[in-house]
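The values are calculated or read from the model by the stated rules, or taken from the named source; none is laboratory data. These figures come from a predicted structure and were not determined experimentally. Note that we place each Cβ from the backbone using ideal geometry, even for glycine, and neighbour counts take in every protein chain shown. Please note that ligands, DNA and RNA were not included when accessible areas were found on the heavy atoms of the full protein model with its side chains. Shrake-Rupley method; radii C 1.70, N 1.55, O 1.52, S 1.80 Å.
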Amino acid sequence: MLRRSRHNLASRIFDRQIHSPRPGASVNSVRRFYENLVPNYTIYDIDCPENSFRKFTDDGLYLISFSRNYQELIVYRPTWLTFSCKGEDCDFHGLPAKAKKFESFFTQLYSVSLASANELICKDFFLYVENNQFGLFATSTAQVHDAPAIEGATPGVPPIEKITFHLVRLQDGLKLDERVFRDDFVNLAHNMGVFLYDDILCIVSLRFQTIHILQIRDSTHLVDLREIGPFCREDDELFLNSHSQYMLPPDEKNQDELSNGPQQQDVQGSSFLSGIKQRLLSFVFRGIWNEETDHTLRVQRLKKKFYFHFQDYIDLIIWKVQFLDRHHLLIKLGSVDGGVSRNTDQHPAFFAVYNMETTEVIAFYQSFADELYNLFEQFSDHFHVASRNSLHVNFISSHSNNIHVLEQLRNVKNKSSCSPQFVKKMVASLPFSCQSLSPSPYFDQSLFRFDEKLISAMDRHRQSTEHPIKFMSRRQPLIQKFKIKPGPEADVVDNRTRRISSFLFHPFLPFVLSIQQTYMQPTVVNIHFRR
């Protein structure tokens, strides 16, 4: 009888008083309380404003949403339903009528206009600077598909007339700073083209193949640190401009000096490759060169592995970038078609590790390289770069910190008939999108089991299911801890209608918003919480 009751809340509190956890395991010991503190009550189809709800911030202080026309930012403070009842056994009384209202759980802090008349807020983009409680948002105009080609732009990448990044203080909605990109293309879907590491921001210009590194200062400004692409060092452009006049024929040199002056020649318009492409080619060349010591074999290998694929390397463009630390970038490269599309799984890809301080490429992998997969499997947490100020994000389950996730991965690997295709599929998610995983303890796979086809920590919409999503106990596999059902309580199943669901989990409270969207029907928002 005593063994049975060890897992109830009272027993856990008693054990905490008389037992000390192992050194370094105190947080994991405390997180086991979430096995008893689960969402056990659902309010279906609440009376809710017609907003587009984005997510909770990682510290749980704010709920981010946008107006229906995607012009305004609307921020709420999560609260808790409070009410009084008369008599005894209040737990068995029904909830008051106000519980059906959104305002009973959230308090609106402010509504602030972000987008101009011809711009829209990107509903899938939001980054949170937790130490300063700043939010980074993006607005943009529509893509221009028939724009003329311009010098320096990558052919096949459609421009966007204006992309604006807004730095907002979430405490009061004050717009602190902004950064505008014109006639450019930045992939804003699910934060794919932007990465935040502490106070350093990386923005990838697909159209001009430039990595913009900025810093978010405590003084509330966005400050340029460096640009990586056509040039790698701050003085590269000055150096090339000062030497390019000596590379011109005498007649062209005199003509150019008369018209523009010797210091105003456009190096980007010359036959030079970009600085980052030069670094990549030199790394590949040296790697192949060092594979052989015999000169004849070395030349043959270079012809076969470098010069034969030279044009393929030249045609590579930067798709996506993430920080590995404050000095190193993981860069994903591939064809133009793969860079513009949302799904890059079908396109060949390469990965490079770039040191921003030395401006050197220090590693280069193909997408099916076993060495890259081994790094991905053993050191997955190093790719999920978390802020040093975030307490909850450090406990997101991954292959390298959770034995259950690792076992699932290896089971899939053992069932795979083609190892290179399996490796390519697994590393396709690299580089990881910034702040794309929910830190909620209910996604901790040491505590709960759930069907990852229906729900996961990944910030993505899912195909809605007619059955509730069950969260089972990891320690007691046959016991269901709680369940979440999106959509109306008495749902009429219509297999012809496509329904999409999204789930917003609070980072540490037993509180979930489930949002079901159906074509030509009102959005249904349910609140799942612990009563």
(message) Looking only at the stretch 185-221, how many residues end up being within 22 Å of Glu161 (Cα to Cα), assigned to a strand (DSSP E or B) and either open to solvent by 10 Å² or more (accessible area, probe 1.4 Å) or hydroxyl-bearing (Ser, Thr, Tyr) (or both)?
(response) 3
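Results for (1) among the β-branched types (Val, Ile, Thr); (2) open to solvent by less than 40 Å² (accessible area, probe 1.4 Å); (3) at pLDDT 95 or above; (4) in a strand (DSSP E or B), shown as yes or no for each residue.
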residue	(1), (2), (3), (4)
Asp59	no, yes, no, no
Leu81	no, yes, no, no
Gly94	no, no, no, no
Asn131	no, no, no, no
Gly135	no, yes, yes, yes
(message) Just to be sure before I move on: is Ile484 under 20 Å from the mean Cα position of the chain (by Cα) and buried (at least 20 other Cβ atoms within 10 Å of the Cβ) in the structure I sent?
(response) no
(request) Would you mind telling me which numbered condition in (1) under 17 Å from Leu206 (Cα atoms); (2) modelled with pLDDT of 90 or more Asp172 fails? (result) (1)
(request) Determine the pairs where a residue that is more than 18 Å from Glu452 (Cα to Cα), located within the stretch 497-513, has a partner that is basic (Lys, Arg) and not in a strand (DSSP E or B) with Cβ atoms under 8 Å apart, the partner being 6 or more residues away or on another chain. (result) Pro510/Arg530; Phe511/Arg530
(message) Can you tell me which of (1) open to solvent by less than 40 Å² (accessible area, probe 1.4 Å); (2) touching an Asp or Glu at 6+ places or on another chain (Cβ under 9 Å) is the one Gln322 doesn't meet?
(response) (2)
(message) Looking at the structure I just gave you, is Val194 of a type in the set (A, V, I, L, M), over 15 Å from Gln322 (Cβ atoms) and in contact (Cβ under 8 Å) with a residue 24 or more places away in the chain?
(response) no
(request) Could you please tell me which pairs satisfy a Cβ distance under 9 Å, a separation of 6+ or placement on different chains, a first residue in the stretch 9-32 that is free of Cβ contacts under 8 Å to residues at least 40 places away in the same chain, and a second residue that is assigned to a helix (DSSP H, G or I) and exposed (fewer than 14 other Cβ atoms within 10 Å of the Cβ)? (result) Ser11/Ser5; Arg12/Arg6; Asp15/Arg6; Arg16/Val30; Ser20/Ser26; Pro21/Val27; Pro21/Val30
(request) Give me a count of the residues in the stretch 457-473 that are under 17 Å from Leu409 (Cβ atoms) and buried (at least 17 other Cβ atoms within 10 Å of the Cβ). (result) 1
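Every residue, every condition in (1) more than 21 Å from Pro230 (Cβ to Cβ); (2) over 28 Å from the mean Cα position of the chain (by Cα); (3) part of a strand (DSSP E or B), yes or no:
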site	(1), (2), (3)
Thr296	yes, yes, no
Gln300	yes, yes, no
Lys305	yes, yes, no
Asp312	no, yes, no
Ile318	no, no, yes
Val321	no, no, yes
Arg326	yes, no, no
Leu330	no, no, yes
Leu333	no, no, yes
(message) I'd like the residue in the stretch 19-48 that is within 30 Å of Lys485 (Cβ to Cβ) and among the basic types (Lys, Arg) and, out of all such residues, is most open to solvent (accessible area, probe 1.4 Å).
(response) Arg32
(message) For the stretch 169-176, check the following and say yes or no: at least one residue is open to solvent by 50 Å² or more (accessible area, probe 1.4 Å), in a loop (DSSP other than H, G, I, E, B), farther than 27 Å from Asp459 by Cα and not small (Gly, Ala, Ser).
(response) no
(request) Within the stretch 222-259, work out how many residues are assigned to a loop (DSSP other than H, G, I, E, B), modelled with pLDDT under 85 and open to solvent by less than 70 Å² (accessible area, probe 1.4 Å). (result) 2
